[in-house]
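The values are calculated or read from the model by the stated rules, or taken from the named source; none is laboratory data. Only a predicted model underlies this, so the values are computations on that prediction, with no experimental measurement involved. Glycine gets a Cβ as well: all are built from the backbone with ideal geometry, and neighbour counts include every protein chain shown.
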Amino acid sequence: MYLDVLLNKTVGIAGCGGLGSNCAVALARVGIGRLILADFDIIVESNLNRQYFFRDQVGQKKVMALRDNLLRINPSVIVEIHDIKLTPDDILRIFSPCEVIVEAFDQADAKEMIIETVLTGFPDKFLVSGVGLAGWGNNNSIQTKQFGKLYICGDGMNEVSETAPPLAPRVGIVSNMQANVVMEILLGSCPGTQDGQKI
């Protein structure tokens, strides 16, 4: 039974904004045993258009508010939080217990840093990244690509800008794709799907 497997798994999420908060919620809902969350930011009102927080949580630390929200959804999930701006050394220390790490940063340089750190420091671990989720529409451009133990979800092109903001629909699609890839890594392909399909 998939629940028995997930209950004994640990997933790390670097960043608790649009991608990270929604991916964490999806994983809590399916019964992941332990989540390790890291983020240094606080919730502001503009986050509410895409992040899994509530208006009365504005001003709170994201990791603390997200832990509260996850435990309301699934009281059995173990949520370990780190209120920290991650460095390479922090990543290697904090996420060492994880089978899979989810990259959910906003900034391109931070994404590059965690990808390089995980692929070199944790060659046996899987990393699921989100790249290209800004704006709206064009569902068919969003996909998952695999490069060894690195999986990239998104369209790979549409990064956040003034004319292409991050909004709930596409952020939600990519974050849930990340959660779905995590499940496939931990459980294998879903029964009834064709082997060899691009995920």
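If you go through the range 59-89 and keep only what is among the hydrophobic types (A, V, I, L, M, F, W, C) and more than 18 Å from ASP106 (Cβ to Cβ), you end up with MET64, LEU70, LEU71, ILE73, VAL77, ILE78, VAL79, ILE81. Only residues that are under 19 Å from ILE91 (Cβ atoms) and touching a residue at least 40 places away in the same chain (Cβ under 8 Å) were counted in the range 130-149, giving 1.
Pairing residues of the range 157-181 that are over 14 Å from VAL131 (Cβ atoms) with residues that are of a type in the set (A, V, I, L, M) and surrounded by 15 or more Cβ atoms within 10 Å (Cβ to Cβ), at Cβ distances under 6 Å and at least 6 apart in sequence or on separate chains, gives ASN176/ALA26; ALA179/ALA26; ALA179/LEU27. Screening the range 145-185 for residues that are of a type in the set (Ser, Thr, Tyr) and modelled with pLDDT of 95 or more and picking the one that is nearest to ARG50 (Cα to Cα) gives SER175. State yes or no: is ASP4 touching a residue at least 60 places away in the same chain (Cβ under 8 Å) and out of contact with any strand residue (DSSP E or B) (no Cβ under 9 Å at 6 or more places or on another chain)? For ASP4, the condition - touching a residue at least 60 places away in the same chain (Cβ under 8 Å) and out of contact with any strand residue (DSSP E or B) (no Cβ under 9 Å at 6 or more places or on another chain) - is not met. Name every residue in the range 87-112 that is surrounded by fewer than 21 Cβ atoms within 10 Å (Cβ to Cβ), touching a residue at least 40 places away in the same chain (Cβ under 8 Å) and acidic (Asp, Glu), in order of residue number. Result: ASP90, GLU99, ASP106.
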